[in-house]
Each structure stands twice: as structure tokens, then as C-alpha cells.
Amino acid sequence: MAEEAMDGMSVTREALATHLDELLQSAHFKDYCPNGLQVEGRATIRRVVLGVTANRALIEAAIARQADAILVHHGWFWKGEDGRIAGFRRQRLRALLAHDINLYAWHLPLDAHAELGNNAQLAARLGWQVEGRFGEYDLGFHGRAPQAATVGDLAVALDLQLGRAPLLIGEPAQPLRRLAWCSGGAQDWFEAAVKLGVDAFVSGEIAEHCVHLAREAGVAYLACGHHATERYGVIALGEHLTERFGLDCPFVDIDSPV
């Protein structure tokens, strides 16, 4: 990795971007948004506020904490959206620039990372055993949940960990031997998960057609919330930055029911 520029408990703006780009292998992904530094702020970083999505509330929290940077999973400048800086986009950007705060975002690279990624962290926190990967960029994971004998047990464990009851399509009493999971909006990967021969699929969102496939295939679908399933990657990145650079990296959970 490139040499990091440090001064005590700090890191330069460019060194932080380079380090995480290399760690998460950003160059290997063709993503829907730019990964890495999205909005340039001050040159030296000591405090990084972590969040799932770069919204106005998170920016205000970062300002209140006198942060030098914000690091999120869902940043800005998505393909297909209106690129004009007006209305709420102007207000968000204005607040960042006025306080000289950097905005960093890593999307698919943070889903995919084998240790710090959203899917790896979800498995680690729930005690799931990873046996393999599937899908584009190996974003999807599959394996076993030793503590869960049934789909209902799995639903209870997800509720306790994520703080919200999953929408369960399937029978709670169904035995659970193998499961697949992919955080966020991975409903289009359900058919691929079914072909793996799993008993359940865990994701953030669910689409209407997935209900019928779950019933017909006998594979339970547990939709746990896009936001809820993607908290843990940025938290793991923050812990990594604290260990590596001594940065202060508080996580701010701006609640979302979706």
C-alpha cells in the first residue's frame, strides 16, 4: 500500500483515500457512484463521523462534533440521478463546504470486502459460518447459522441484532440448514440464492415477485431493512482507521425504517 502521511493522531485527506481505496480494492468495481473522496474538505483529518447514508442530519451531526470528514456507504453522485446542484443537494453541499468537511463513500467495495464488508460483518455479528460467495463481484455470501435450528430462530436472532423484526416470507418452523445473504437492495439475487439450495435468504429489501418465488421454491425470504443490514461495514472501517491512524471515528445512526 502507498505510504500513509501521518502527524500524530491524524492522516492527510489524500492518504486516507488512498489507503481505503487500496484496502477495499475500489478499482476492481464498476459501481453506480464514485468510490473514495467525493467532496474535498480540509487537508488534515483527525475525526471522522461514520454513517450509512450522507444526508443532511448526518452532516449536521458531523458539524456538531467538529469532524474533519464523513465516511458513508451511500454517498452522492449516483448514476441516473439529477446532477444539478439545487434544492436539497445545494443545501447539503453548502453545509459541507462551509465547514470544510471531506465526504468519503465506498459502496460495492464495502459490501464485498471479506472481513470489513457489510456481508462479512453481518455474518460475524450473527455467528454465521461463511462457506462461499456468489453473484457479481462475489457480493453474496452463503453458509450456515449454527445457533438457528429453524427459520423462526433466524428471524429472532436478526431482530435482536438489528433492532427490527424482519419481514418473513415463509414458515417459521421450517428447518434451517443453509442460508444465503446479501445486504441492502439485493432482491434481484434471490433466484441465484435459491439455485444454491439454501433454506433461507436474508437481505435488506424485498420485491413483489420474490414473495411468489419464496412460496413456490420453499425458500424463506427475510427482509431486514436496507439501512439496518448496512450499518456494520462503516463501523468496521472506523475501527480499522482508529487502530491504523489513531483517528476518532464515532458512528452516528440516523434511523431509517427502510
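Some points to look at:
- Among the residues of region 63-118, the ones that are under 18 Å from Val52 (Cα atoms) and modelled with pLDDT under 95 come to 0 in all.
- All of (1) touching a His at 6+ places or on another chain (Cβ under 8 Å); (2) without any contact (Cβ under 8 Å) to a residue 60 or more places away in the chain; (3) surrounded by fewer than 23 Cβ atoms within 10 Å (Cβ to Cβ) hold for Ser256 with one exception: (2).
- Residues in region 126-158 that are surrounded by 17 or more Cβ atoms within 10 Å (Cβ to Cβ), hydrophobic (A, V, I, L, M, F, W, C) and either outside any strand (DSSP E or B) or not assigned by TED's automatic domain parsing to the domain that holds Phe201 (or both): 10 in all.
- Summed over region 201-250, the residues that are assigned to a loop (DSSP other than H, G, I, E, B) and not acidic (Asp, Glu) give a count of 12.
- Boolean, Val198 is outside any loop (DSSP other than H, G, I, E, B) and closer than 20 Å to Gln129 by Cβ: no
The values are calculated or read from the model by the stated rules, or taken from the named source; none is laboratory data. On a predicted model such as this, the values are computed, not experimentally measured, just so you know. Methodologically, a virtual Cβ is constructed for each residue, glycine included, from the backbone with ideal geometry; neighbour enumeration extends over all protein chains shown.
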